[in-house]
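Let me begin by presenting the structure, written as structure tokens, before commenting on it.
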Amino acid sequence: MFDNLSERLNKTLKTLKGQGRLTESNIKDALRDVRRALLEADVALPVVKSFITKVQERAIGQEVSASLNPGQAFIKIVKDELTAIMGEEATPLNFNVEPPAVIMMAGLQGAGKTTSVGKLAKWLTEREKKKVMVVSADIYRPAAIKQLETLAGQVGVEFFPSTVDQDPVEIARAAHAEAKRKFVDVLILDTAGRLHIDSDMMDEIKHLHDNVKPAETLFVVDAMTGQDAANTAKAFNDALTLTGVILTKTDGDARGGAALSIREITGKPIKFLGAGEKTDALEPFHPERMAGRILGMGDVLSLIEEAEAKIDKKKAEKFAKKLQKSGQFDLEDFLEQLQQIKNMGGVGGLLGKLPGMGQLKDQVSGDFAEKEFKRLEAIIQSMTAQERAFPAVIKGSRKRRIAAGSGTSVQDVNKLLKQFTQMQKMMKKASKGGMKNMMRGLAGKLPPGMGGGPGGGLPPGMR
């Protein structure tokens, strides 16, 4: 998300960054480009106007002219105002009620509500250590009930059964009673998708909301609908009084108009971002961190939180000690590192959160990288334990067997072994403190589509 906007803003702001003096004229020129970039990102016009006005007022005042580095001061203003329109700070879920806290999910048809219920249930279980139950009040789509039951099984939470011939209010009441009996902390209520222009359906969800009195009413909306997402959220909020928004399919939205418009138009915070179909593809929304990502400053805090949640700490410590002691690692270690990177959202996901790595991220094809990782995994998994520990023993007949077992070619096996040898050399440099040397080498050694190529796309200072 925000790829196009980030690229445009960085080009515009780069021209101002090194200037010793900013004038009203060059600030207005820069803001004209920023305005165009925001409109192309499908940010709602009133939001764009308000943003530009606020930045201009601050930039032309003393705040920039009195600064030792006016260019950087201007960028800070842009970051502050981006943060402000997205909501200043993260808004946590409200659990300050008698258990079970009911979270009601609402939204349009096809927005990804049921999938988001599964993701949120998993997030609450793993990150907040809550006991969770899920229930479907979607009596119009039998498949939705079955889908939720399957998701509940996958993420390991309680599922309360319901049928299409029941009344949604009765389903909710029965589920609430059962959740209370089982000492559940959070009950997530999935509802039927509806159009905000369908008055009967809107009356039904309003009736359900009035009877359930949820602690949280989250509106689930597709990020790819741009500023329409904000307008739809406003229509639902007028009927339901929402407490927050879950923005889904952000991996397919390169513009980001929805994220930059929703808070300003509805007054409601974005609480989570969903990306992809996987049950762990949900992250809390932090406006300040997101503003940093848009401006190429990275999001190290989110990266650390993700690492703490998703990386196997025992394996990571064991690998670090081994590397520090000898600078050596084998193909089993290599396979584990590939799997850890996959758990963290792949190469593209990692680079997007690292400061100054935007250029390298642009060279990484997410689909290609994922296929490449799968191919490398298949080759290593076709090796014996001895071959993984001592790759030097892999010669002609072994290569043919490994290629046949992994559905690849001998050339692919040779390529992996060559890449592994190069990685071993770089890990030796890393163990001796040569991180810059390792990164410079890594950029040239990655295959095309994963950041390889001349210059490696590394930022200045790492070359």
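The values are calculated or read from the model by the stated rules, or taken from the named source; none is laboratory data. Model, not experiment: these values are computed from the prediction. Using ideal geometry, Cβ is built from the backbone for each residue, glycine included, and neighbour counts are taken over all protein chains shown.
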- Output for region 156-188, where each listed residue is under 13 Å from PRO100 (Cα atoms) and touching a helix residue (DSSP H, G or I) at 6+ places or on another chain (Cβ under 6 Å): ALA172, VAL186, LEU187, ILE188
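Is region 134-146 home to any residue that is in contact (Cβ under 8 Å) with a residue 40 or more places away in the chain, assigned to a helix (DSSP H, G or I) and of a type in the set (Gly, Ala, Ser)?
Checking region 134-146: at least one residue is in contact (Cβ under 8 Å) with a residue 40 or more places away in the chain, assigned to a helix (DSSP H, G or I) and of a type in the set (Gly, Ala, Ser).
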- Query: Looking at ARG398, ARG440, which one is basic (Lys, Arg) and modelled with pLDDT of 90 or more?
  - Reply: ARG398
- Quick check, is THR163 part of a loop (DSSP other than H, G, I, E, B) and free of Cβ contacts under 8 Å to residues at least 60 places away in the same chain? yes
- Task: Go over the candidates GLU98, GLU126, GLU149 one by one and state the one that is among the acidic types (Asp, Glu), assigned to a loop (DSSP other than H, G, I, E, B) and surrounded by fewer than 23 Cβ atoms within 10 Å (Cβ to Cβ).
- Result: GLU98
- Message: With the structure loaded, tell me whether ALA175 is closer than 26 Å to ALA259 by Cβ and over 27 Å from the mean Cα position of the chain (by Cα) or whether it fails that test.
- Response: no
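Evaluate region 363-375: report whether one residue or more is over 24 Å from the mean Cα position of the chain (by Cα), part of a helix (DSSP H, G or I) and at pLDDT 65 or above.
Yes, that holds for at least one residue.
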- hydrophobic (A, V, I, L, M, F, W, C), part of a helix (DSSP H, G or I) and assigned by TED's automatic domain parsing to the domain that holds GLY274: does that describe ALA192? no
- Some residue of region 227-234 being at pLDDT 85 or above and either assigned to a loop (DSSP other than H, G, I, E, B) or surrounded by fewer than 22 Cβ atoms within 10 Å (Cβ to Cβ) (or both): no
